[in-house]
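What follows is a short report on a single structure.
The values are calculated or read from the model by the stated rules, or taken from the named source; none is laboratory data. Here the structure is a predicted model, which is why all the values come from computation and not from measurement. With ideal geometry, Cβ positions are generated from the backbone for all residues, glycine too; neighbour counts draw on all protein chains shown.
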Ligand code: PPS
């Protein structure tokens, strides 16, 4: 498969060459957003696919036809990926765009536009666990080693896509500069209905209660994990090996408790406290 062992360096972070080139990254940085664009921004494993599905269903008033017939990466393509240019629909109406890039690369272009930005944050212990399993299945990511080795790299920000802390702090610092809506993976878990309603009001999309019912139903983990348009089983096994781990793995809050030792948890908390000191973000670590 193409460029599986290539690493691209961009804006101080490393990215998989299978999905990115210097040209695609440059294109992303120079991209002209326009009014009506809806941009989903996440650090990997924070609920990107979930939000892509929710947005699709909001804009189709709960009708699952598009969600069950068009892959998520076509509906809301990744701005920085090589296929973006040829995939983004340029016709009238809202364009859905997804990105994992850090704020300093995109915020200037977004500030000039009237694009709406949705930033999803997930508690970083669960992100680390989910990312670890994703490394096992994604052949375009380096060997993750043991969980403890991976966790160390994650805390040092030495994983692909860079530091979780920098990503979150960077995008949170844009709260007064962009038309941005912050939501947590845990909020979506706790009350999907409320999250959908809040999103609809941010997007200016009034919704009937029956439509919200349908969105809630189609965006449940159990339903999404069976939808081949979002569960990544359409991707060849040489690229994403579902025998190693499923993309829709567990979809829960607090799986970190099954993976971090007390000592790792203490170290994590210390680093978190230190790095997130100046960021007024409320992280939900458990739902019980
Ligand atoms: S990626 O690769 O960055 O696009 O991954 P991303 O979609 O951001 O994150 C994948 C994790 O999100 C979980 N997921 C969900 N959880 C709950 N409900 C729904 N509907 C849902 N859809 C996706 C998915 O299972 C991954 O988390 P883990 O913890 O690995 O299960």
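Just to be sure, is residue 188 in contact with a strand residue (DSSP E or B) (Cβ under 9 Å, 6 or more places away or on another chain) and surrounded by 15 or more Cβ atoms within 10 Å (Cβ to Cβ)? Lay out the reasoning, then the answer.
On the way: in contact with a strand residue (DSSP E or B) (Cβ under 9 Å, 6 or more places away or on another chain): yes; surrounded by 15 or more Cβ atoms within 10 Å (Cβ to Cβ): yes.
Judged against the criteria, residue 188 is a match.
Please state which one of 29, 61 is over 14 Å from the mean Cα position of the chain (by Cα) and either buried (at least 16 other Cβ atoms within 10 Å of the Cβ) or under 23 Å from residue 189 (Cβ atoms) (or both). Show your work before the answer.
On the way: 61 fails: either buried (at least 16 other Cβ atoms within 10 Å of the Cβ) or under 23 Å from residue 189 (Cβ atoms) (or both).
The unique qualifying residue is 29.
If you scan segment 136-152, which residues turn out to be surrounded by 19 or more Cβ atoms within 10 Å (Cβ to Cβ) and assigned to a helix (DSSP H, G or I)?
Of everything in segment 136-152, those that are surrounded by 19 or more Cβ atoms within 10 Å (Cβ to Cβ) and assigned to a helix (DSSP H, G or I) turn out to be 137, 150, 151.
Looking only at segment 206-225, count how many residues are over 15 Å from residue 53 (Cα atoms) and either surrounded by fewer than 15 Cβ atoms within 10 Å (Cβ to Cβ) or touching a strand residue (DSSP E or B) at 6+ places or on another chain (Cβ under 6 Å) (or both). Quick ask: steps written out before the conclusion?
Taking segment 206-225 first, the residues over 15 Å from residue 53 (Cα atoms) are 206-210.
With the extra rule that they be either surrounded by fewer than 15 Cβ atoms within 10 Å (Cβ to Cβ) or touching a strand residue (DSSP E or B) at 6+ places or on another chain (Cβ under 6 Å) (or both), the set shrinks to 206, 208-210.
Qualifying residue count, segment 206-225: 4.
Looking at 232, 272 in this structure, which one is crowded, with 17+ Cβ neighbours inside 10 Å and touching a strand residue (DSSP E or B) at 6+ places or on another chain (Cβ under 6 Å)?
Values: 272 fails: touching a strand residue (DSSP E or B) at 6+ places or on another chain (Cβ under 6 Å).
Answer to the selection: 232.
Contact list please: Cβ distance under 6 Å, first residue in segment 37-49 and touching a residue at least 60 places away in the same chain (Cβ under 8 Å) and farther than 13 Å from residue 167 by Cα, second residue away from the ligand (no atom under 11 Å from the Cβ) and outside any strand (DSSP E or B), pairs at least six apart or on different chains.
If the second residue must be away from the ligand (no atom under 11 Å from the Cβ) and outside any strand (DSSP E or B), the pairs left are 37/95; 37/115; 38/94; 39/115.
For (1) more than 16 Å from the ligand (Cβ to nearest atom); (2) assigned to a loop (DSSP other than H, G, I, E, B); (3) touching a residue at least 60 places away in the same chain (Cβ under 8 Å), each residue gets a yes or a no:
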| site | (1), (2), (3) |
| --- | --- |
| 66 | yes, yes, no |
| 69 | yes, yes, yes |
| 74 | no, no, no |
| 90 | yes, yes, no |
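Please go through segment 26-59 and pick out each residue that is within 30 Å of residue 251 (Cβ to Cβ) and away from the ligand (no atom under 12 Å from the Cβ). Even if it seems obvious, please write down each step before you answer.
The initial filter retains those residues of segment 26-59 that are within 30 Å of residue 251 (Cβ to Cβ), namely 28, 37-59.
Within segment 26-59, 28, 37, 38, 39, 55, 56, 58, 59 qualify.
Just to be sure I understand the filter: pairs with C-beta atoms under 6 Å, separated by 6 or more residues or on different chains, first member in segment 128-143 and within 14 Å of residue 246 (Cβ to Cβ) and within 10 Å of the ligand (Cβ to nearest atom), second member part of a helix (DSSP H, G or I) and at pLDDT 95 or above. Which pairs pass?
Close Cβ pairs (under 6 Å, with a partner that is part of a helix (DSSP H, G or I) and at pLDDT 95 or above) amount to 129/255; 129/256; 132/147; 132/150.
Before we move on, is residue 203 under 18 Å from residue 59 (Cβ atoms) and surrounded by fewer than 19 Cβ atoms within 10 Å (Cβ to Cβ)?
Details: under 18 Å from residue 59 (Cβ atoms): yes; surrounded by fewer than 19 Cβ atoms within 10 Å (Cβ to Cβ): yes.
Yes; evaluated as a whole, the condition is true for this residue.
Check every one of the helices (runs of 4 or more DSSP H) wholly within segment 175-266 and list those with 2 or more residues that are free of Cβ contacts under 8 Å to residues at least 60 places away in the same chain.
Values: elements: 185-190, 192-203, 209-218, 221-224.
Of the helices (runs of 4 or more DSSP H) lying wholly inside segment 175-266, those with at least 2 residues that are free of Cβ contacts under 8 Å to residues at least 60 places away in the same chain span 192-203, 209-218, 221-224.
Would you please name the residue that is surrounded by the fewest Cβ atoms within 10 Å (Cβ to Cβ), looking only at residues in segment 111-125 that are outside any strand (DSSP E or B) and away from the ligand (no atom under 16 Å from the Cβ)? Talk me through it step by step, then tell me what you get.
At the first step, the residues of segment 111-125 found to be outside any strand (DSSP E or B) are 111-115, 122-125.
Okay, now just the ones that are also away from the ligand (no atom under 16 Å from the Cβ), so 111-115.
Numbers: 111: 13, 112: 10, 113: 18, 114: 12, 115: 23.
For segment 111-125, the residue satisfying everything is 112.
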